[in-house]
């Protein structure tokens, strides 16, 4: 009974993470579209944070933005949709739990929210840029943060055992959990 309750609580937490991530991204993109589109970028904290409206027709850092529209749609809408479904199925079939499950939930939620933009608008709304001096990020959005955070959590979480320690392989092929 306790395991069943914990399992349902865990699933509910993942659903809240997905819905919350998509909701935050959708709201911030709406605000960016209504407040930032057609106006000059705004700078905050001594030019550390820039807010400015951008539409990204490509992928990460606008890679592929110059491809023909049909190819872009195939890759960034069709391909992304298939990748997100495959990732979700993989996580469910392998019964990922804990940090890897949270990471996949964030990754899929961010990817799904950007995918919604591509289906509805044909591009993704971006509006954030951070950096110091000439060292700056590309323009991004809340979904992109969720995707990157999710990827980092999956990477780190997949290398940890259920006991919370890093599993290290010995020379004889067995695993140990050093303290």
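Each label was represented as a point 7 Å from its Cα along the Cα-to-Cβ direction; for residue 62 and residue 119 these points are 2.7 nm apart.
Axis of helix 98-121 versus longest Cα principal axis of the chain: the two differ by about 30°, to the nearest ten degrees.
If we sort 15-25, 144-154, 65-75 on the protection proxy, mean other Cβ atoms within 10 Å, highest first, what's the order?
Numbers: 15-25: 16.9, 144-154: 19.4, 65-75: 12.2.
With the highest mean Cβ count within 10 Å placed first, the list reads 144-154, 15-25, 65-75.
Taking the helices alone, the chain has a mean residue ellipticity at 222 nm of -17500 deg cm²/dmol, built from -39,500 (n - 2.57) per DSSP H run of at least 4 residues and averaged over all its residues.
How far is helix 2-36 tilted off the main Cα axis of the chain, in degrees rounded to 10, range 0 to 90? Result, in degrees: 10.
The label-point distance for residue 87 and residue 75, in a model that sets each label 7 Å from Cα toward Cβ, rounds to 1.8 nm. Cα extents for the chain along the principal axes, largest to smallest and rounded to whole angstrom: 59, 36, 34. The slack between residue 159 and residue 34, meaning 0.36 nm per residue of separation minus the straight C-alpha distance, is 40.8 nm. Exposure proxy for 4, 48: other Cβ atoms within 10 Å of each Cβ, ordered fewest to most, give 4, 48.
Rounded to the nearest 10 degrees, the inclination of helix 142-157 to the longest alpha-carbon principal axis of the chain is 20 degrees. For the peptides 131-140, 110-119, 55-64, the ranking by packing is 110-119, 55-64, 131-140, with the highest mean count of neighbouring Cβ atoms within 10 Å listed first.
The numbers here are math on the coordinates, done by the rules we state, and not lab data. Since we're looking at a predicted model, the values are computed, not measured. Ideal geometry is used to build each Cβ from the backbone, glycine not excepted, and the neighbour counts take in all protein chains shown.
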